[in-house]
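First the structure, in the form of structure tokens, and then the observations on it.
The values are calculated or read from the model by the stated rules, or taken from the named source; none is laboratory data. Fair warning: this is a prediction, and the values are worked out from it, not measured in the lab. Cβ: placed from backbone, ideal geometry, glycine included. Neighbour counts: every protein chain shown.
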Amino acid sequence: MTVVAQTAGRRPEGVVRRLAGFLHRRPRLRLALLLTAPLLWLAVLYLGSLTVLFVSAFWTTNSFTSEVVKVWSTDNFQALFTTPVYRQVILRSVGVALAVTALCAVIAFPVAFYTARVARPRWRPLLVVAILTPLWASYLVKVYAWRLILSQGGLADWMLEPFGIGGPGFGLPAAVLTLTYLWLPYMILPVHTALGQLPAHLLDASADLGARPGRTFRSVVVPMVLPSLAAGSIFTFSLSLGDYITVQIVGGKTQLIGNLVYSNIELNLPMAAALGTVPVVVIVLYLLAMRRTGALSSL
Amino acid sequence: MRLTRTLQVAAAAALLLAATACGSSDSGGDAATGLNPPDIKAPTKLGKTEGAVNLIAWAGYVEDGSNDPKVDWVSDFEKQTGCQVNPKVAASSDEMVKLMKTGEYDAVSASGDASLRLIASGDAAPVNTDLVPNYKDVFPDLKMQAWNSVKGKAYGIPHGRGANLLMYNTQKVTPAPTSWAAVFDDAARYKGHVTAYDSPIYIADAALYLKATKPELGIKDPYALDQKQFDAAVALLKKQNADVGEYWGDYLKEVSAFKSGDSVVGTTWQVIANLATDEGAKVKAFVPEEGSTGWSDTWMVSAKAKHPNCAYKWLDWIVSPKVNAQVAEYFGEAPANAKACDMTSDKSFCTTYHAGDTAYWKNVAFWNTPIEQCLDGRTDVKCVPYAKWVQAWTEIKG
């Protein structure tokens, strides 16, 4: 009797409680309510825009007015595979992304090794902050700074002059160099974390068993850090593959996929969409390859 | 889980449906493929101003003092006519064409590589020049040209013009060049330090050079190239590409490249040459003996203008002597109005920019839109349309 009176007196709470009970008995409905909003976000905004991109790649344009004509055709993809210049640019872009990733890995490892294991523990957080500082500056400022460094009679020329050689000038090497500088922190951070978590007793054990430093490095350190190198490479690879501004500023006359998309976006939107699917496909393939190294679980 | 998957599929399907539904509504563009513009009537007299006008313009053409308090020719217009100006700055000719298609704008400052497209698709209306009193003072060689009139009907009011010049570093390029050969046949001498304008319309520069050096190709108009002539121009540019250091699209990038010596010879605009000289670069810019390409901008009125009276008031205002002088000096181009030359703050401005120099402009082939029907009047061949120019430009850069 008293229970009934209480619930009658405080009706709102009764409704809430009944709802809670209802949901408690139906875990699936609970899950659905919880996930609907984020999943809609993912499906509509993220996958939806990718779908629209892919679908519009099958349209064509009126050659005079550049208006999109919504007639189904595979011409754009045919052009993508048969035109030598597109093939060349795609290969070049993938090459640049791979080169930037390799350079980042080679530079990041010793830096991370120093910040995570050699430097005094109380300096370590400061060093990490120092590595992150370039990320606080604007992307454009950094790239224009590199334009000044690499220009005729700039810092690069001045530093290399005593050795009888000039700087690389503007071009593909300059673009790779600048992109490496831009994305290096994204590679150092995961490697730093992995090296920091490397148990010291494993290194001691390796030494006790008679391994020299080189052997310890190859057989203990590298296998344990490899997944985080791969994780860092996902950042450097995908960021380099999509970049088109750096190459415009320091790349001389070089074109990458991003530049082709940019130059088509006004006049031939469907072709731009077809070109835009290329990096998506390449990155999906790259992620699948990286998954085998266990990199995705150490992100 | 099944529920969420259904939701995902449903959402994706709904989105696709929406995308295709939006698409089917606009399909009017196909009708206009040649230069038979739809018959749109120009107004015969002006009515009351509507209180506002929406403009599409190049950066620096519609300045209301918000970028630089000293640069303002919009406020007085608003006070005098009561038309509130809403400017939209477009970065390229293609963007202008796109914006005009929305029908939300009343007037546009179109370059020659956009104007014909706007006329052909019926987005721009003919202009009754009698309703623009200042039109009478516009230089005669700017009136009724291929890029601002069709079949004797005017489609706009000339705003100003400029030539694409050959600029060179006076210390590194010796002897001083006299011909475009410096960036084509002799480009190898400055390997890696040659520059060129980064746009498909630059193919016309190569055609202009071939017109003078390879008469057997029979090029009359660099914007009307049949397949053979076009292939020759593209081949020349592909050869040039080996010696190009970088292409420039952003004019400040070219200023910095000439200042540092990364570029020593290449195509330019007068305003870039002035800026580079001001900043201490040892450069000279001139029109080579073959002549050159150039641009001539036209204020056009939209066929769907909601504020046509204010748009006409603006057309008259922007070519009035004082305002035309202001905008030409600010942007760095030759004014369209002959009387503007007395109003410039720099008295030698019109001489520097060759404003009234008819002989100078005779050698300038102004930007035009290449279309299938050859602009030079040939009917026995088909010319290469602009879309193909865009594709070829990608291939040239490789």
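On the stretch given as segment B:377-397, residues that are at pLDDT 85 or above and part of a loop (DSSP other than H, G, I, E, B) total 7. Here A:S206 meets each of (1) over 30 Å from A:V68 (Cβ atoms); (2) surrounded by 21 or more Cβ atoms within 10 Å (Cβ to Cβ); (3) small (G, A, S) with one exception, condition (2). In segment A:198-217, what residues are touching a residue at least 12 places away in the same chain (Cβ under 8 Å) and not small (G, A, S)? If the condition is that a residue be touching a residue at least 12 places away in the same chain (Cβ under 8 Å) and not small (G, A, S), then A:L198, A:L202, A:L203, A:T216 are the ones that fit.
Screening segment B:288-330 for residues that are among the aromatic types (F, W, Y) and part of a helix (DSSP H, G or I) and picking the one that is surrounded by the fewest Cβ atoms within 10 Å (Cβ to Cβ) gives B:Y330. Scanning segment B:261-271 for residues that are surrounded by fewer than 23 Cβ atoms within 10 Å (Cβ to Cβ) and of a type outside the set (S, T, N, Q) returns B:G261, B:W269, B:V271. The single condition from (1) within 14 Å of another protein chain (Cβ to nearest Cβ); (2) more than 24 Å from B:K45 (Cβ to Cβ); (3) touching a strand residue (DSSP E or B) at 6+ places or on another chain (Cβ under 9 Å); (4) buried (at least 19 other Cβ atoms within 10 Å of the Cβ) that B:I119 fails is (2). Of all the listed residues (B:D94, B:D76), the sole one being without any contact (Cβ under 8 Å) to a residue 24 or more places away in the chain and either among the β-branched types (V, I, T) or out of contact with any Ser or Thr (no Cβ under 9 Å at 6 or more places or on another chain) (or both) is B:D76. Scan (1) touching a helix residue (DSSP H, G or I) at 6+ places or on another chain (Cβ under 6 Å); (2) not assigned by TED's automatic domain parsing to the domain that holds B:V327 for the single condition B:L208 breaks and write down its number. The one condition B:L208 does not meet is (1). The residue list B:A355, B:A285 contains one member that is crowded, with 19+ Cβ neighbours inside 10 Å, assigned to a loop (DSSP other than H, G, I, E, B) and under 22 Å from the mean Cα position of the chain (by Cα), which is B:A355. Within segment A:67-91, being more than 11 Å from chain B (Cβ to nearest Cβ) and either touching a residue at least 40 places away in the same chain (Cβ under 8 Å) or in a helix (DSSP H, G or I) (or both) holds for A:D75, A:N76, A:F77, A:Q78, A:L80, A:F81, A:T82, A:R87, A:I90, A:L91.
Selection within segment B:279-336: residues that are out of contact with any strand residue (DSSP E or B) (no Cβ under 7 Å at 6 or more places or on another chain) and acidic (D, E). The member of this set that is farthest from B:A154 (Cα to Cα) is B:E279. What do you reckon, is B:L118 in contact (Cβ under 8 Å) with a residue 24 or more places away in the chain, in a helix (DSSP H, G or I) and either more than 19 Å from B:K313 (Cα to Cα) or more than 19 Å from the chain's Cα centre (by Cα) (or both)? Here the answer is yes, as B:L118 does meet what is asked. In a residue-by-residue description of segment B:61-83, the property of being assigned to a strand (DSSP E or B), surrounded by 19 or more Cβ atoms within 10 Å (Cβ to Cβ) and at pLDDT 90 or above applies to no position.
Within segment B:358-368, can one find any residue that is touching a Lys or Arg at 6+ places or on another chain (Cβ under 7 Å) and more than 24 Å from B:G266 (Cβ to Cβ)? No, segment B:358-368 contains no residue that is touching a Lys or Arg at 6+ places or on another chain (Cβ under 7 Å) and more than 24 Å from B:G266 (Cβ to Cβ). Checked against (1) crowded, with 24+ Cβ neighbours inside 10 Å; (2) within 14 Å of another protein chain (Cβ to nearest Cβ), B:K101 meets all criteria but (1). For segment A:133-183, the set of residues classified as among the aromatic types (F, W, Y) and more than 21 Å from the chain's Cα centre (by Cα) consists of A:Y144, A:W146, A:W158, A:F163, A:F170, listed by residue number. Annotation note: of A:T83, A:T61, the sole residue that is assigned by TED's automatic domain parsing to the domain that holds A:P270, closer than 30 Å to B:E372 by Cα, among the β-branched types (V, I, T) and surrounded by fewer than 20 Cβ atoms within 10 Å (Cβ to Cβ) is A:T83. The single condition among (1) over 25 Å from the mean Cα position of the chain (by Cα); (2) more than 14 Å from chain A (Cβ to nearest Cβ); (3) under 26 Å from B:I272 (Cα atoms) that B:G192 does not satisfy is (2). State yes or no: is B:A257 under 15 Å from B:P288 (Cβ atoms) and either out of contact with any Ser or Thr (no Cβ under 9 Å at 6 or more places or on another chain) or buried (at least 24 other Cβ atoms within 10 Å of the Cβ) (or both)? In short, no. Applying the criterion of at least 1 residues that are in contact with a helix residue (DSSP H, G or I) (Cβ under 7 Å, 6 or more places away or on another chain), within 14 Å of chain B (Cβ to nearest Cβ) and farther than 14 Å from A:A102 by Cα to the helices (runs of 4 or more DSSP H) found wholly in segment A:172-290 leaves A:172-197, A:245-250, A:257-264. For segment B:162-170, the criterion of being surrounded by fewer than 16 Cβ atoms within 10 Å (Cβ to Cβ) and either at pLDDT below 95 or more than 14 Å from chain A (Cβ to nearest Cβ) (or both) is met by at least one residue. Within segment B:142-187, being out of contact with any strand residue (DSSP E or B) (no Cβ under 8 Å at 6 or more places or on another chain), of a type in the set (A, V, I, L, M) and closer than 21 Å to B:F286 by Cα holds for one residue alone: B:A181. Is there a residue being within 22 Å of the chain's Cα centre (by Cα) and more than 30 Å from B:A235 (Cα to Cα) anywhere in segment B:159-173? Yes, the conditions are met somewhere in segment B:159-173. Scanning segment B:327-335 for any residue that is more than 30 Å from A:Y86 (Cα to Cα), free of Cβ contacts under 8 Å to residues at least 60 places away in the same chain, in contact with a Ser or Thr (Cβ under 6 Å, 6 or more places away or on another chain) and more than 14 Å from every other protein chain (Cβ to nearest Cβ) turns up at least one such residue.
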